[in-house]
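Only one structure is covered here, and it is reproduced in the block below.
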Amino acid sequence: MANSDLIKGEGAVRRSQGFVNYGKQFTGTGDGGTQFVRASVAANEAKLAKVQQTVNNAMGKMKNNLDLTGFKPEEQKAMRKFLISERNKYAYSASAISKLSDSTDPDYQYHVDIMNGVNNSFTNLSAQVKSYKANKLEFADGYNQGMYSNGNDGDLELENMSIMGFGDNVAPLYVGEGGNLGFNTSKGKVSFNDYQQPFMKDYELASSLASTANSLYTSHAQLSPTQENVIRLDLQKSLSRPNALKSIVSKDFSDDGFVFDGIDINSPDAKEQVINRIIEGYRGTARAGYNEYQARTNKGGKKSNSDSNKAPNQGPYSSGKDARNAEKLDALFSIPGVSKVIGGNTVVYNPNIELTDKEDPTAQRGAFEVKGEVLTYDEMLEFLNA
């Protein structure tokens, strides 16, 4: 047990020597202690409040309007992980700046750059997420409507399908530096910036080809060298468009009659081969239109001023056997290439036969074939009436 007299003696000594209880400065019980602590706390709280306000203001400027709707849980997790990491970087720099009063200080600018970089990454990520969603809808819609060309690379399209989130082998999404979306495909990492949307069928080219063919057919004239040169120049221009050649060669429009079998798209002269094939087709189309018109107006026989504008069955054969045979020939003319038995004879009209006539060569386009012979309309009637 402590000696009470000793303790009392020690107390008397301290009083006589002017003992100061410095501990009171920390407990608030000494002279001026309360005011000192309060002043210190208030000053510190003011500093902290300034820091808080500065950080709050800075954080309020942080751009984070990312829309994660429509993404799978694992994809949302990847993006949230990036957002949290970047937010922490931003908050750290915002806090550091609040303690720096000199904006010319290199440290100040360093942290400003970090904060700007975070904002830029958020802006970039938001834009890429929006673009990715749009591309995904376009990808699905394009294939549903059969708008994409058969000229697209199959392996690339399988990869695109996985990037767009379709099929069994969906490529996992990640967020890279700067807020750039990326995908872990079977062939490695692919940045969304490098994603190649499949190209569509070249409807403009197909429409132009069909329109030209129709114009040539209805012009009722053979294709002239001048027309061929103009058409060749137009085709050179049209087939120079990106992927136009791939589209037309890959049978995108085979149902419309545009088939280019035997042409290797990788051949150096593939475009020239296609152009030559198209022009040859145009020649045939123009010739067929010309022959059809000549046959329709002249029946492959000689024209005369009196009946050149009359309908097929309104010529000089208005009654009797001649009229009946004329009607049969008219019916046969309407379906060229299809045979029909007339008077016990198998007859077929061929609009592509070209006969010669010094007096009127244009009137000798198209003829009837019977028993191995080629006859004009008038000759065919004479044969049937004999």
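The values are calculated or read from the model by the stated rules, or taken from the named source; none is laboratory data. Model, not experiment: these values are computed from the prediction. Ideal geometry is used to build each Cβ from the backbone, glycine not excepted, and the neighbour counts take in all protein chains shown.
Can you work out which of the residues in the stretch 155-187 that are under 22 Å from the mean Cα position of the chain (by Cα) and acidic (Asp, Glu) is farthest from Glu75 (Cα to Cα)?
Top of the filtered list is Asp155.
Under 7 Å between Cβ atoms, at least 6 apart or on separate chains: pull out the pairs that start in the stretch 269-280 with a residue that is assigned by TED's automatic domain parsing to the domain that holds Val230 and end on any residue that is of a type in the set (Lys, Arg).
Between residues of the stretch 269-280 that are assigned by TED's automatic domain parsing to the domain that holds Val230 and residues that are of a type in the set (Lys, Arg), the close pairs are Ile275/Arg232; Ile279/Arg232.
Filter the stretch 273-288 for residues that are of a type in the set (A, V, I, L, M, F, W, C) and crowded, with 19+ Cβ neighbours inside 10 Å; which is nearest to Gln222 (Cα to Cα)? Walk me through how you get there before you give the answer.
At the first step, the residues of the stretch 273-288 found to be of a type in the set (A, V, I, L, M, F, W, C) are 274-275, 278-279, 286, 288.
Still in the list and also crowded, with 19+ Cβ neighbours inside 10 Å: 274-275, 278, 286.
Details: Val274: 21, Ile275: 18, Ile278: 15, Ala286: 5 Å.
Step by step, filter the stretch 273-288, then rank; the result is Ala286.
Could you go through the stretch 255-270 and let me know if any residue there is among the acidic types (Asp, Glu), at pLDDT 90 or above and either in a helix (DSSP H, G or I) or under 46 Å from the mean Cα position of the chain (by Cα) (or both).
The answer is yes, given that some residue of the stretch 255-270 is among the acidic types (Asp, Glu), at pLDDT 90 or above and either in a helix (DSSP H, G or I) or under 46 Å from the mean Cα position of the chain (by Cα) (or both).
Which one of Gly165, Gly182, Gly188, Gly176 is surrounded by 15 or more Cβ atoms within 10 Å (Cβ to Cβ) and on the phi > 0 side of the Ramachandran plot?
Exactly one of Gly165, Gly182, Gly188, Gly176 is surrounded by 15 or more Cβ atoms within 10 Å (Cβ to Cβ) and on the phi > 0 side of the Ramachandran plot, namely Gly165.
As an exercise: evaluate Asn152 against (1) surrounded by 15 or more Cβ atoms within 10 Å (Cβ to Cβ); (2) part of a helix (DSSP H, G or I) and give the number of the one condition it does not meet.
(2)
For Ile114, work out the one condition from (1) touching a Ser or Thr at 6+ places or on another chain (Cβ under 7 Å); (2) within 21 Å of Asp194 (Cα to Cα); (3) not acidic (Asp, Glu) it doesn't fulfil.
(2)
Can you tell me which residue in the stretch 178-235 is modelled with the lowest pLDDT, limited to those that are of a type in the set (Lys, Arg) and more than 21 Å from Glu280 (Cα to Cα)?
In this case the residue turns out to be Lys187.
Would you check if there is a residue in the stretch 245-254 being exposed (fewer than 14 other Cβ atoms within 10 Å of the Cβ), assigned by TED's automatic domain parsing to the domain that holds Ala286 and within 21 Å of Arg287 (Cβ to Cβ)?
no
Among the residues of the stretch 86-105, are any assigned to a helix (DSSP H, G or I), of a type in the set (Lys, Arg) and touching a residue at least 24 places away in the same chain (Cβ under 8 Å)?
For the stretch 86-105, residues assigned to a helix (DSSP H, G or I), of a type in the set (Lys, Arg) and touching a residue at least 24 places away in the same chain (Cβ under 8 Å): present.
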